[in-house]
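Okay, so here's the structure we're looking at.
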Amino acid sequence: MTDSPTSPAVDLSLYPDGTSLDAAGRLLVGGCAVADVAEKYGTPAYLVDEGALRRTARSYTDAFASRHPDSLVLFASKSFPSASVIGVVSEEGCGVDAAAAGELAMALAAGADPARIVFHGNAKTDDDLLSALTAAVRYVVVDNLDDVERIARLAQEPVPVLLRVSPSLDAKTHTAMMTGHDASKFGIPSDQVADVIRRIRRESMLDLRGLHAHVGSQLLDLDQFEAAVRAVAAFERFGVYDLGGGLGVRYTSADAAPSVEDYADRLVTAVHRHLGADVELMVEPGRSMVARNGITAYRVVTVKRGVRTHVAVDGGMGDNLEVSLYGQAFQPSVVDRSGPAEIVDLVGRHCESGDELAHGVEVVSPRVGDLVTVPVTGAYCYTMSNNYNAALRPPVVFCRDGESRLAVRRETFEDLVRRECLLPGAD
Ligand code: LLP
């Protein structure tokens with residue numbers, strides 16, 4: 001059963017900046033012992049290091065403002081659509097990319113300034129557009145000709161819009177995360193862009209200010225961002241460019257990812273070279289803003305040793321779909337104690353075999369009740385949390401300077417049952 005006599009070390013470089021071990025070897029995130037947080041709020045739980053999140057948001061706004069003063073960093077709220085998270089990054093100078101009316105409602109609830117919100121969507125309904133027009137967001141991003149028709153019909157006054165164009169690039173990432181290729185459902189194919197620009201200009205209620213492009217997510221090669229800028233420069237020139245998000249992050253010790261500084265450097269240099277130094281520039285980071293600033297804490301429920309060692313925890317694909325949807329590799333640890341190492345499959349509690357959190361990973365030989373942490377779960381895990389097996393979606397706990405605060409409470413069975421309209425006694 002034991003594969004190695006030495007305890008595998010927790011790679012703190014995957015955890016929020018500032019994560020440490022105390023004298024007893026306990027893991028501290030935002031100065032809080034993860035064990036104490038797990039005890040207080042239960043597991044599974046998403047922990048966010050609020051201080052580290054603030055520093056990432058500030059480093060993003062500084063990195064762009066110092067290179068291009070007329071810039072705005074929009075947090076892609078789809079990556080962590082909680083008003084608490086949006087509120088924190090807004091306080092640090094970020095605007096918000098809202099890709100649906102619900103994300104817009106979250107941003108407004110967080111107190112985000114509508115003049116710093118950009119509204120997206122490849123299938124915006126009348127209601128979606130009305131919510132954006134009522135809020136008076138900075139720009140609505142036109143994704144198709146029906147957006148043009150709808151805005152023209154619904155608007156009472158000219159609406160500042162950007163046009164989402166396809167840069168015709170095959171991003172080097174998972175196919176589900178490619179968004180700027182010719183076959184994409186997003187944006188206007190490059191050969192139709194000139195026609196759509198003419199069409200928009202015929203509408204007095206649409207005020208076309210610029211272009212938007214987003215090539216994909218979890219991009220680790222900065223050349224792709226420069227290629228996108230070059231592709232966008234081939235269209236008619238405008239005064240405003242929103243170049244989307246996409247910067248990739250490290251999920252395991254073996255990964256390498258560019259820094260926010262390197263990304264800002266390459267992108268702004270490319271913008272100045274190909275689009276000009278006098279444009280309004282926006283970017284929409286999601287994953288790289290939040291991924292490393294969040295971890296998930298679980299408890300081991302059972303260990304089954306056979307052909308493989310299955311360590312089942314109290315969460316799984318209900319709180320982390322990254323593994324089953326994209327095959328994303330994570331690097332979990334059994335924390336707060338030492339012991340011999342063992343190679344295990346970390347699995348969830350949901351009723352399917354694809355419900356795995358990590359495959360063939362080395363951890364301290366696990367026992368029932370052990371605390372397990374999975375780092376780099378700050379992006380898209382809370383987003384895609386779900387009720388598979390009527391599981392309750394976990395809470396979000398902010399940790400900062402040794403204090404923990406509940407940001408989003410755990411769902412309850414009452415929450416689930418309350419939506420059932422046919423039960424006796426339901427209103
Ligand atoms: N802007 C637009 C228009 C986008 O479509 C996206 C992501 C972003 C910005 C933010 O990209 P980021 O910086 O986070 O890479 N569900 C997938 C991620 C899909 C991302 C979709 N669009 C996942 O769980 O990994």
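Of note:
- Residues that are assigned to a loop (DSSP other than H, G, I, E, B) and among the aliphatic types (A, V, I, L, M) within segment 211-229 comprise 213, 215, 220, 222, listed in sequence order.
- Long-range neighbours under 7 Å by Cβ, at least six apart or interchain, first residue farther than 17 Å from residue 382 by Cβ and of a type in the set (Val, Ile, Thr) within segment 273-295, second outside any strand (DSSP E or B) and away from the ligand (no atom under 13 Å from the Cβ): 279/239; 279/271; 283/64
- Any chance residue 92 is of a type in the set (Asp, Glu) and over 29 Å from residue 278 (Cβ atoms): no
- Applying the criterion of being in contact with a strand residue (DSSP E or B) (Cβ under 6 Å, 6 or more places away or on another chain) and within 18 Å of residue 209 (Cα to Cα) to the residues of segment 240-265, the residue that is surrounded by the most Cβ atoms within 10 Å (Cβ to Cβ) is 242.
- Hits in segment 270-305 (condition: closer than 22 Å to residue 94 by Cβ and among the polar types (S, T, N, Q)): 288, 293
- Within segment 234-263, the set of residues being polar (S, T, N, Q) and farther than 12 Å from residue 222 by Cα comprises 252, 253.
- Among (1) assigned by TED's automatic domain parsing to the domain that holds residue 20; (2) over 24 Å from residue 36 (Cβ atoms) - the single one residue 423 does not satisfy: (1)
- Test for residue 30: is it over 23 Å from residue 251 (Cα atoms), at pLDDT 95 or above and surrounded by 16 or more Cβ atoms within 10 Å (Cβ to Cβ): no
- Options 64, 75, 80; residue that is of a type in the set (Phe, Trp, Tyr), within 16 Å of the ligand (Cβ to nearest atom) and out of contact with any strand residue (DSSP E or B) (no Cβ under 7 Å at 6 or more places or on another chain): 80
- Cβ pairs under 8 Å, 6+ apart, first in segment 74-95 and under 26 Å from residue 386 (Cα atoms), second of a type in the set (S, T, N, Q) and away from the ligand (no atom under 13 Å from the Cβ): 75/90
- Residue list for segment 241-261, filter: more than 18 Å from residue 174 (Cβ to Cβ) and away from the ligand (no atom under 15 Å from the Cβ): 253, 261
- Selection over segment 114-148 of residues that are charged (D, E, K, R) and within 16 Å of the ligand (Cβ to nearest atom) gives a count of 6.
- Residue count for segment 49-76 under the criterion of being among the acidic types (Asp, Glu) and in contact with a Cys (Cβ under 8 Å, 6 or more places away or on another chain): the result is 2.
- Among residues of segment 157-205 being of a type in the set (S, T, N, Q) and in contact (Cβ under 8 Å) with a residue 24 or more places away in the chain, the one that is farthest from the ligand (Cβ to nearest atom) is 204.
- Residue count for segment 223-239, restricted to those that are surrounded by fewer than 17 Cβ atoms within 10 Å (Cβ to Cβ) and either of a type in the set (Asp, Glu) or within 14 Å of the ligand (Cβ to nearest atom) (or both): 2
- The residue list 352, 322, 362 contains one member that is closer than 21 Å to residue 13 by Cβ and surrounded by fewer than 20 Cβ atoms within 10 Å (Cβ to Cβ), which is 362.
- Residue match in segment 392-405 (condition: β-branched (Val, Ile, Thr) and in contact (Cβ under 8 Å) with a residue 12 or more places away in the chain): yes
- Taking (1) in contact with a His (Cβ under 9 Å, 6 or more places away or on another chain); (2) without any contact (Cβ under 8 Å) to a residue 40 or more places away in the chain; (3) within 15 Å of the ligand (Cβ to nearest atom) in turn, residue 304 satisfies each apart from (3).
The values are calculated or read from the model by the stated rules, or taken from the named source; none is laboratory data. Nothing here was measured: the structure is a model prediction, and the numbers come from that model. Here Cβ is always computed from backbone atoms with ideal geometry, including for glycine, and neighbour counts include all displayed protein chains.
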